[in-house]
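Before any comments, here is the structure.
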Amino acid sequence: GEITWEMTDLERTCSFTFRLGQKNVNITAIKAGKVIAAKSSGYNKGLGHVVVVEHEDGTCAIYGYCSDILVKAGDTVQAGDALAISGKTGLAGGDDDSLALVLIDDKDGLKDWIGSGFLGG
């Protein structure tokens, strides 16, 4: 399918929304790291079901709009490992699945996106 994206600058984050042009796409890790949250509940700033990976350099990636989460908090992942299946959870819409990817400079910014107490999923 066709992948299109939008970019929005947010204070200390970089956020991308991808329209994947198909359904049931494997969402894979962009970098190696540790899964620090795998949530299928809560508002999560409209991101729906999310997976959060903390990278060795302290940055974090939030993967949102997932339909199925394949990992759990505490898992170690490598770049390219499957984390979730694309979906239309949260505020995602349209005919095909979406993926939200939010990059954050440090773990402190996560509570603004997925709430406090996220460790452990």
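Residue check: is residue 52 crowded, with 16+ Cβ neighbours inside 10 Å, within 10 Å of the chain's Cα centre (by Cα) and under 17 Å from residue 114 (Cα atoms)?
yes
Give just the number: which of (1) in contact (Cβ under 8 Å) with a residue 60 or more places away in the chain; (2) open to solvent by less than 50 Å² (accessible area, probe 1.4 Å); (3) under 21 Å from residue 56 (Cβ atoms) does residue 100 not satisfy?
So residue 100 meets the others, but not (3).
Output the number of the condition that residue 74 fails; it satisfies all remaining conditions of (1) open to solvent by 30 Å² or more (accessible area, probe 1.4 Å); (2) within 12 Å of residue 29 (Cα to Cα).
Failed condition: (2).
Which members of the stretch 55-71 meet the condition of being under 9 Å from the mean Cα position of the chain (by Cα) and open to solvent by less than 10 Å² (accessible area, probe 1.4 Å)?
61, 62, 63, 64, 66
Could you list, in sequence order, the residues of the stretch 1-45 that are surrounded by fewer than 16 Cβ atoms within 10 Å (Cβ to Cβ), within 20 Å of residue 67 (Cα to Cα), modelled with pLDDT of 75 or more and among the hydrophobic types (A, V, I, L, M, F, W, C)?
Of everything in the stretch 1-45, just one residue is surrounded by fewer than 16 Cβ atoms within 10 Å (Cβ to Cβ), within 20 Å of residue 67 (Cα to Cα), modelled with pLDDT of 75 or more and among the hydrophobic types (A, V, I, L, M, F, W, C), namely 30.
Considering only residues that are free of Cβ contacts under 8 Å to residues at least 60 places away in the same chain and acidic (Asp, Glu), which ones fall in the stretch 82-97?
Scanning the stretch 82-97 gives a single hit, 95.
When the stretch 28-61 is examined, which residues are found to be within 11 Å of residue 110 (Cα to Cα) and assigned to a loop (DSSP other than H, G, I, E, B)?
59
For the stretch 55-81, what are the residues that are closer than 15 Å to residue 112 by Cα and either aliphatic (A, V, I, L, M) or touching a residue at least 60 places away in the same chain (Cβ under 8 Å) (or both)?
Residues satisfying the conditions are 61, 62.
The values are calculated or read from the model by the stated rules, or taken from the named source; none is laboratory data. Quick caveat: nothing in here was measured; it's all calculated off a predicted structure. So basically every Cβ, Gly included, is an ideal-geometry build from the backbone, and we count neighbours across all protein chains shown. The accessibility values were calculated without ligands, DNA or RNA, using every heavy atom of the protein model including side chains. Shrake-Rupley method; radii C 1.70, N 1.55, O 1.52, S 1.80 Å.
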